[in-house]
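The values are calculated or read from the model by the stated rules, or taken from the named source; none is laboratory data. The structure displayed is predicted, hence computed values, not measured ones. Note that each Cβ is placed from the backbone with ideal geometry, even for glycine, and that neighbours are counted across all protein chains shown.
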Amino acid sequence: MNALKTQLIARINTEGPISLADYMAECLLHPDHGYYTTQAPFGTGGDFTTAPEISQMFGELIGLSLAQSWLDQGAPALFTLAELGPGRGTLMADLLRATRGVPGFHSALQLYLVEASPSLREQQAEALKDYAPHWVDVIDALPQQPLFLVANEFFDALPIRQFVRDGEGWREKRIGLAEGDLTFGLGPEAPQPALEHRLLDTKPDDLVELSPGAAPVMASLAQRIAAHGGAALIIDYGDWRSLGDTLQALKSHKPVDPLETPGEADLTAHVDFEVLCSVATGAGCAHSKLTPQGVFLERLGITERARSLAAPLQGAALENLIAAHRRLTHPTEMGNLFKVLGITQAKTPPPPGLNA
Ligand code: SAH
């Protein structure tokens, strides 16, 4: 039994069952045993591969979209370029390289990374050493100036709570103990004001999810954009409104039991984009149409970019590039499952690749 599991069992023994959100928070960000603090999750040797790790084209096109939005907003002379959960720093490095030719963009930007994991901060420092990044724990610590921000697979890593409908109320899924090991159970039936609207589209025994951390993060970034201008691109897997259990535990690219080895598997859940949009609107921002990643990348010219990268290649390198293009865009791969959402000031069009 791993050390985190022993600690969790001791905690549940004294405190009683814990919510799935508490469990995920411990598994992902525990200072000694958390997944993001201890593991090397990304890439083919890790547990999962994210879009920026598949191909440089992803970060490059996001960079061009944000830089064009910066130009369209009058090229403010000082602005924050920020990323939420930058992982290994790959996306930001590609974005910065691709925007070198945009006049004034690099001299106007101040680079900020919102990252909870000390070991990933070290990797980001190495990947971005030419750009003097600053690290912050929360969006509210960013300077009061226009904000151009990207978040890829950040919201899916935030802890979720799960509720099973019981009549007109809900029972929360919790983690307790059975025969000395972790097990899922259900708490007592109770009303949930945050799930009032879900009584309309669910029936008894349906399961719905709630990410308590997502709305405050979106509120902070939308307030900053509403006050100072800028744009955010949120890319994640999920849909307008989620129904059913979407918790996923991945270890070495394979699904595993989420309770088996806490802290050793990546835990994610689908993002509920409806919640993000209503928070953004409530803070005075506009949001784009929720757009499949494949459509977004095609509109930005990923196929032309792939052709020009392919020109000098042959053999395995060429095959890899073709496979990467397909993985990022094809509807049966990441093209449809992943969605892109743009946030701007009300009346400001979304960044290129998205429609209002
Ligand atoms: N964007 C990267 C990494 C995605 S993994 C990519 O596409 O490859 C999720 C990232 O979010 C990691 O960097 C993780 O450490 C970070 N993270 C998770 N929860 C966080 C939180 N509450 N605050 C700040 N960063 C967080």
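Could you please let me know if LEU111 is assigned to a strand (DSSP E or B), in contact with a Ser or Thr (Cβ under 9 Å, 6 or more places away or on another chain) and either within 12 Å of the ligand (Cβ to nearest atom) or farther than 25 Å from PRO255 by Cα (or both)? In short, yes.
Selection of the stretch 140-150 for residues being surrounded by fewer than 23 Cβ atoms within 10 Å (Cβ to Cβ) and out of contact with any Pro (no Cβ under 9 Å at 6 or more places or on another chain) yields ASP140, ALA141, LEU142, PRO143, GLN144.
Residues in the stretch 43-74 that are out of contact with any helix residue (DSSP H, G or I) (no Cβ under 7 Å at 6 or more places or on another chain), modelled with pLDDT of 95 or more and surrounded by fewer than 21 Cβ atoms within 10 Å (Cβ to Cβ): GLN68, LEU71, ASP72, GLN73, GLY74. Applying the set (1) among the acidic types (Asp, Glu); (2) crowded, with 17+ Cβ neighbours inside 10 Å; (3) near the ligand (Cβ under 8 Å from one of its atoms) to ASP137 leaves exactly one unmet item: (2).
Selection within the stretch 213-233: residues that are more than 15 Å from the chain's Cα centre (by Cα) and part of a strand (DSSP E or B). The member of this set that is farthest from ALA75 (Cα to Cα) is ALA231. Only a single item in (1) within 16 Å of the ligand (Cβ to nearest atom); (2) assigned by TED's automatic domain parsing to the domain that holds LEU142; (3) of a type outside the set (Gly, Ala, Ser) is not met by GLN68, and it is number (1). When ALA227 is tested against (1) surrounded by fewer than 18 Cβ atoms within 10 Å (Cβ to Cβ); (2) within 16 Å of the ligand (Cβ to nearest atom); (3) in contact (Cβ under 8 Å) with a residue 40 or more places away in the chain, exactly one condition is not met: (2).
Condition test on GLY342, is it under 24 Å from CYS277 (Cβ atoms) and either of a type outside the set (Asp, Glu) or assigned by TED's automatic domain parsing to the domain that holds ALA222 (or both)? Judged against the criteria, GLY342 is a match.
Restricting attention to the stretch 162-175, does a residue exist that is away from the ligand (no atom under 16 Å from the Cβ), outside any strand (DSSP E or B) and surrounded by fewer than 19 Cβ atoms within 10 Å (Cβ to Cβ)? Yes, because at least one residue in the stretch 162-175 is away from the ligand (no atom under 16 Å from the Cβ), outside any strand (DSSP E or B) and surrounded by fewer than 19 Cβ atoms within 10 Å (Cβ to Cβ). Aromatic (Phe, Trp, Tyr) and more than 30 Å from THR183 (Cα to Cα) - does that describe any residue in the stretch 95-111? Taking every residue of the stretch 95-111 in turn, at least one turns out to be aromatic (Phe, Trp, Tyr) and more than 30 Å from THR183 (Cα to Cα). Scan the stretch 270-322 for residues that are outside any helix (DSSP H, G or I), out of contact with any helix residue (DSSP H, G or I) (no Cβ under 6 Å at 6 or more places or on another chain) and closer than 30 Å to PRO159 by Cβ and report the count. Adding up the residues that qualify gives 6. Consider the stretch 251-285 and keep the residues that are within 20 Å of GLY342 (Cα to Cα) and among the charged types (D, E, K, R). The one that is farthest from the ligand (Cβ to nearest atom) is GLU274.
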